[in-house]
Ligand SMILES: [Zn+2]
């Protein structure tokens with residue numbers, strides 16, 4: 001076995017020649033399409049017909065782009081019209097063993113149903129991610145993602161267990177009491193690695209300081225990378241699509257997509273593929289799943305990187321750019337939080353783990369980019385000079401005027417889960 005293969009959890013599939021991988025995708029797509037017609041799955045049968053396919057027709061990988069994309073709102077509409085689970089489910093309800101609900105940050109949550117096979121596939125993709133991240137069976141891990149129906153914490157915990165780790169899952173750290181209890185548990189057990197969001201780390205860091213505990217020395221809790229480059233190290237199609245869609249190898253260049261479980265596209269607003277290397281909306285067709293989705297538009301911006309990777313994996317890499325709902329338009333230029341974060345992280349005073357920031361959006365079109373950024377004047381000096389410096393860095397890098405308001409450390413919300421980087425104000 002070569003050294004390259006030792007870097008992988010499942011080297012046979014992760015190094016499958018492209019031609020074989022595409023043949024596997026076609027075989028699994030055939031099964032999805034056959035099931036859509038035969039079961040039937042009315043929602044996706046209508047989509048196939050809208051793409052010009054007759055009942056019973058197969059769909060080749062080259063023809064897949066004819067099928068109209070599906071967005072989350074259509075899943076909501078389906079669930080409302082055929083409650084509670086809609087008419088888009090590939091699996092029979094009696095074969096499903098887990099129900100979740102999406103976060104609902106952009107509307108009514110939808111239900112996520114999983115069969116044992118669906119869960120097993122997520123766990124296989126998660127195991128590849130853990131292995132790429134350097135985790136190994138036998139480790140003690142901590143997980144501070146929300147447990148229960150509304151968060152990804154349970155699927156993460158069961159994936160870590162199936163990988164072979166001992167998991168300390170504390171759930172969402174909403175209250176100060178919950179944070180302090182988690183810190184006490186971690187201090188006693190000293191996990192080898194943590195799954196924790198950067199914003200949660202800030203809460204833990206601040207509570208630990210209050211308790212006289214050093215997060216690194218006493219808890220083995222290192223600040224998670226919040227630099228925008230870190231966001232390119234994983235890719236997800238959401239809990240409703242495929243949560244552990246991909247993760248990066250040590251070479252970087254985007255997250256290796258689990259293309260044996262999902263056909264990945266980047267498309268324009270009309271649903272047509274954009275050239276490799278250009279920004280498009282992430283569309284996935286999940287295959288080898290009972291509850292599949294055909295051409296589901298995740299409404300995230302990505303870049304597909306088709307370059308062969310030096311690690312030996314043959315799947316394409318996908319670089320996450322941001323959520324469509326987080327776009328801010330300044331003087332006709334579309335700006336994503338990740339672009340803003342790159343500029344903010346260029347200044348030492350604004351780097352994690354100490355500071356939070358927000359982009360303030362006022363309507364569809366703004367004259368200047370408005371930011372609120374936490375700043376420690378005692379440590380870094382004259383705030384007005386720092387604000388002007390950040391404004392000019394944004395002008396240089398993004399080509400738009402900026403108005404930066406520096407606020408005291410701790411003044412911005414400390415979200416228990418995913419940070420809201422864009423806030424809408426009138
Ligand atoms: Zn690689």
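Numbers at a glance
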quantity: Filter pass, residue 224 being over 22 Å from residue 14 (Cα atoms) and in contact with a helix residue (DSSP H, G or I) (Cβ under 9 Å, 6 or more places away or on another chain); calculated: yes
quantity: Among the candidates 328, 283, residue that is farther than 25 Å from residue 20 by Cβ, touching a strand residue (DSSP E or B) at 6+ places or on another chain (Cβ under 9 Å) and buried (at least 19 other Cβ atoms within 10 Å of the Cβ); calculated: 328
quantity: Residues that are under 17 Å from residue 44 (Cα atoms) and touching a residue at least 60 places away in the same chain (Cβ under 8 Å), drawn from segment 88-104; calculated: 88, 89, 90, 91
quantity: Only listed residue being closer than 23 Å to residue 89 by Cβ, buried (at least 17 other Cβ atoms within 10 Å of the Cβ) and either within 18 Å of the chain's Cα centre (by Cα) or modelled with pLDDT of 95 or more (or both), chosen from 156, 113, 147; calculated: 113
quantity: Pick from segment 277-311, criterion in a loop (DSSP other than H, G, I, E, B) and within 16 Å of the ligand (Cβ to nearest atom), ranking: nearest to residue 64 (Cα to Cα); calculated: 306
quantity: Failed item, numbered, when residue 120 is tested on (1) over 22 Å from residue 167 (Cβ atoms); (2) out of contact with any strand residue (DSSP E or B) (no Cβ under 6 Å at 6 or more places or on another chain); calculated: (1)
quantity: Helices (runs of 4 or more DSSP H) enclosed by segment 328-426 - at least 2 residues per element that are touching a residue at least 40 places away in the same chain (Cβ under 8 Å); calculated: 337-344, 383-398
quantity: Segment 286-314 residues that are farther than 28 Å from residue 90 by Cα and touching a residue at least 40 places away in the same chain (Cβ under 8 Å), paired with ones that are within 16 Å of the ligand (Cβ to nearest atom) and not in a loop (DSSP other than H, G, I, E, B) (beta carbon under 6 Å, 6 or more apart); calculated: 303/319; 305/317; 312/4; 313/14; 313/256; 314/18
quantity: All positions within segment 395-410 that are more than 13 Å from residue 373 (Cα to Cα) and in contact with a helix residue (DSSP H, G or I) (Cβ under 8 Å, 6 or more places away or on another chain); calculated: 397, 398, 400, 401
quantity: Lone qualifier among 373, 360, 340 - being in the same structural domain as residue 405 (by TED's automatic domain parsing) and surrounded by fewer than 19 Cβ atoms within 10 Å (Cβ to Cβ); calculated: 360
quantity: Residue check, residue 231 touching a strand residue (DSSP E or B) at 6+ places or on another chain (Cβ under 7 Å), in contact (Cβ under 8 Å) with a residue 24 or more places away in the chain and buried (at least 17 other Cβ atoms within 10 Å of the Cβ); calculated: yes
quantity: Residue within segment 199-206 that is in a loop (DSSP other than H, G, I, E, B), closer than 27 Å to residue 358 by Cα, more than 16 Å from the ligand (Cβ to nearest atom) and more than 20 Å from the chain's Cα centre (by Cα) present; calculated: no
quantity: Candidate set: segment 245-271, residues that are more than 16 Å from the ligand (Cβ to nearest atom) and buried (at least 21 other Cβ atoms within 10 Å of the Cβ); chosen: the one nearest to residue 121 (Cα to Cα); calculated: 261
quantity: Some residue of segment 190-200 being surrounded by fewer than 17 Cβ atoms within 10 Å (Cβ to Cβ) and not assigned by TED's automatic domain parsing to the domain that holds residue 100; calculated: yes
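The values are calculated or read from the model by the stated rules, or taken from the named source; none is laboratory data. Keep in mind that what you see is a predicted model, and the values were worked out from it rather than measured. Here Cβ is always computed from backbone atoms with ideal geometry, including for glycine, and neighbour counts include all displayed protein chains.
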